[in-house]
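Since the structure comes first, as structure tokens, the remarks are kept for the end.
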Amino acid sequence: MNQLTLPEIRAAVGTLRSTTEQFLCDLIRFPSLPGKEQQAVEYAAPRFAEVGEVERIPLSSALREDEDYSDPVPGIEYEGRSNLRVRVAGTGGGRSLLFNTHLDVVPASPGQDQAFDPRVSANRVHGRGACDAKGQVATLFTALLAIERLGVKLNGDVLAHLVVEEEVGGNGTLAMVRRGERADGCIVMEPTDLRILSSVRGAVWFRITCTGRAGHSGSGGTVSALKMAIRTIEILEKYHARLLAASRGIALFDQFTNPMPITFGKLAAGVWPATTPASASVEGVLGLLPNKTHQAVAEEMLQAIRDGGDEWLRDHFKLEFMYRHNAHVLDPGHPLVKGLEACCRQAGTSGEVSAMTASCDSWFYNNQLRIPTVVFGPGSLRFAHSNEEQIGLDEISEAAVILVRFVAEWCGGANR
């Protein structure tokens with residue numbers, strides 16, 4: 001029996017090129033916004049059944065009671081919805097490997113009029129979810145199908161969680177984690193330009209609601225809730241600057257000017273130009289690094305507003321958190337990192353190990369299930385969530401080659 005070689009892997013992945021393209025284009029056609037992913041789930045289930053055992057994992061509204069549940073989008077229901085768990089059973093004795101990626105996407109961007117009508121041009125697939133993260137699903141499908149076509153018999157199990165609601169805080173992954181899962185390593189697939197991200201920042205999404213005293217613009221005694229909301233933005237900008245300064249010197253993150261930005265994405269107030277608004281709200285997201293927990297950051301944000309506001313503001317604001325993720329860190333010397341790095345280099349890519357300056361579901365596995373976890377995948381984050389979202393088919397193929405090689409070495413027994 002012969003050991004699997006890189007030319008054999010490339011040849012197997014190459015023969016699947018049209019299958020990969022069709023799979024990805026089919027998947028993009030489903031407008032799988034958070035809460036509306038089930039059609040995509042139902043499409044993916046029989047396709048992944050071609051390479052392994054597929055189990056639909058039902059979701060329940062009881063998930064809302066979990067302390068790590070995220071709720072930035074109200075009104076999402078769970079009955080009749082599911083995640084997918086895929087298992088390619090090993091023969092026994094090898095290390096197991098778990099993959100995670102998501103089937104939900106964000107809404108179309110301004111100017112993206114045909115977001116769910118995939119277009120292929122110059123070997124690049126364009127459309128919502130092309131890189132984030134349906135291109136990741138297509139990469140995983142291609143890799144597993146190549147392993148099956150090559151007749152590889154692995155010792156360890158290969159598992160995959162294909163989840164919903166990553167884009168609104170990871171509720172799909174949360175549901176899978178609460179069921180429990182065991183694996184010797186985990187790769188969360190997101191667009192990383194084939195870099196291996198062993199450290200990932202955390203984040204909190206927040207909403208501040210300020211109340212004022214409404215009245216006519218010409219009357220006295222009014223208090224503008226809008227001005228109060230603007231003041232909270234100023235206070236939190238200063239808090240962010242202090243937090244950033246206190247978060248310097250952390251390995252892999254220090255190369256970035258601002259690896260944990262604060263973003264204010266929504267501001268709403270008032271009903272009439274000549275009326276002082278009685279209520280105003282501001283929503284945003286603040287990144288955090290491994291030196292802080294999301295609980296600590298939440299407390300410090302609350303205290304910053306109390307300390308920085310005037311007497312009215314201190315008594316007339318409410319701070320809520322809709323999404324709370326801690327950072328995750330895996331030692332770059334861990335065998336999962338080093339093994340994937342070696343496979344990248346064998347395939348001709350850099351194998352760069354770095355940090356992720358966005359948050360994702362990796363912390364659920366690394367921090368809560370104690371499964372060593374990295375983030376890895378084809379495509380670039382700069383295209384994600386944009387009206388130019390796209391991914392190269394060559395990138396998908398290269399990632400699939402790397403993953404086939406790594407799965408064979410990690411799980412063992414890759415003889416035929």
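The values are calculated or read from the model by the stated rules, or taken from the named source; none is laboratory data. Everything numeric here is computed off the predicted structure, so don't read it as measured data. Using ideal geometry, Cβ is built from the backbone for each residue, glycine included, and neighbour counts are taken over all protein chains shown. Each accessible area value is taken on the protein alone, full model and side chains, heavy atoms only, with ligands, DNA and RNA left out. Shrake-Rupley method; radii C 1.70, N 1.55, O 1.52, S 1.80 Å.
Given the criteria at pLDDT below 95, surrounded by fewer than 23 Cβ atoms within 10 Å (Cβ to Cβ) and hydrophobic (A, V, I, L, M, F, W, C), does residue 152 qualify? Yes: the conditions hold for residue 152.
In the set 385, 328, 294, which member is touching a helix residue (DSSP H, G or I) at 6+ places or on another chain (Cβ under 7 Å), modelled with pLDDT of 95 or more and closer than 28 Å to residue 73 by Cβ?
Testing whether each residue is touching a helix residue (DSSP H, G or I) at 6+ places or on another chain (Cβ under 7 Å), modelled with pLDDT of 95 or more and closer than 28 Å to residue 73 by Cβ leaves just 328.
Based on what the data block shows, is residue 48 crowded, with 17+ Cβ neighbours inside 10 Å, closer than 28 Å to residue 324 by Cβ and touching a strand residue (DSSP E or B) at 6+ places or on another chain (Cβ under 6 Å)? Spelling it out, it is not the case that residue 48 is crowded, with 17+ Cβ neighbours inside 10 Å, closer than 28 Å to residue 324 by Cβ and touching a strand residue (DSSP E or B) at 6+ places or on another chain (Cβ under 6 Å). In this entry, residue 211 passes the filter for residues that are out of contact with any Leu (no Cβ under 6 Å at 6 or more places or on another chain) and under 30 Å from residue 303 (Cβ atoms). Take residue 277 and decide whether it is touching a strand residue (DSSP E or B) at 6+ places or on another chain (Cβ under 6 Å), modelled with pLDDT of 95 or more and open to solvent by 40 Å² or more (accessible area, probe 1.4 Å). Taking the combined requirement at face value, the residue does not satisfy it.
Pick out, from segment 347-416, the strands (runs of 3 or more DSSP E) lying fully within it that include 1 or more residues that are closer than 20 Å to residue 287 by Cβ.
Where strands (runs of 3 or more DSSP E) fall fully within segment 347-416 and carry at least 1 residues being closer than 20 Å to residue 287 by Cβ, they are 353-356, 373-375.
Remark: residue 162 matches the filter, which requires a residue to be touching a strand residue (DSSP E or B) at 6+ places or on another chain (Cβ under 6 Å) and assigned to a strand (DSSP E or B). Among the residues of segment 292-315, none qualifies, meaning not one is in contact with a Ser or Thr (Cβ under 6 Å, 6 or more places away or on another chain), open to solvent by 60 Å² or more (accessible area, probe 1.4 Å) and in contact (Cβ under 8 Å) with a residue 24 or more places away in the chain.
Filtered by the rule that a residue be surrounded by 14 or more Cβ atoms within 10 Å (Cβ to Cβ), in a loop (DSSP other than H, G, I, E, B) and among the hydrophobic types (A, V, I, L, M, F, W, C), segment 70-97 gives 73, 76. Give 284, 270 a once-over and let me know the one that is open to solvent by less than 70 Å² (accessible area, probe 1.4 Å), within 20 Å of the chain's Cα centre (by Cα) and within 22 Å of residue 225 (Cα to Cα). Just a single option satisfies the conditions, and that option is 284.
Take the conditions open to solvent by less than 60 Å² (accessible area, probe 1.4 Å) and over 26 Å from residue 74 (Cβ atoms) and apply them to residue 217. Does it pass? No: the conditions fail for residue 217. The combined condition, being open to solvent by less than 10 Å² (accessible area, probe 1.4 Å), at pLDDT 95 or above and under 17 Å from residue 31 (Cα atoms), is fulfilled by residue 125. Does segment 248-259 include one or more residues that are on the phi > 0 side of the Ramachandran plot, at pLDDT 95 or above and assigned to a loop (DSSP other than H, G, I, E, B)? Yes. Regarding segment 342-349, can at least one residue be identified that is surrounded by 16 or more Cβ atoms within 10 Å (Cβ to Cβ), in contact with a Phe, Trp or Tyr (Cβ under 6 Å, 6 or more places away or on another chain) and over 30 Å from residue 7 (Cβ atoms)? No, because not a single residue in segment 342-349 is surrounded by 16 or more Cβ atoms within 10 Å (Cβ to Cβ), in contact with a Phe, Trp or Tyr (Cβ under 6 Å, 6 or more places away or on another chain) and over 30 Å from residue 7 (Cβ atoms). Of the residues screened, residue 210 is one that is assigned to a strand (DSSP E or B) and open to solvent by less than 20 Å² (accessible area, probe 1.4 Å). Take the residues in segment 106-142 that are among the hydroxyl-bearing types (Ser, Thr, Tyr) and within 15 Å of residue 23 (Cα to Cα), then tell me which one is farthest from the chain's Cα centre (by Cα). My answer is 142.
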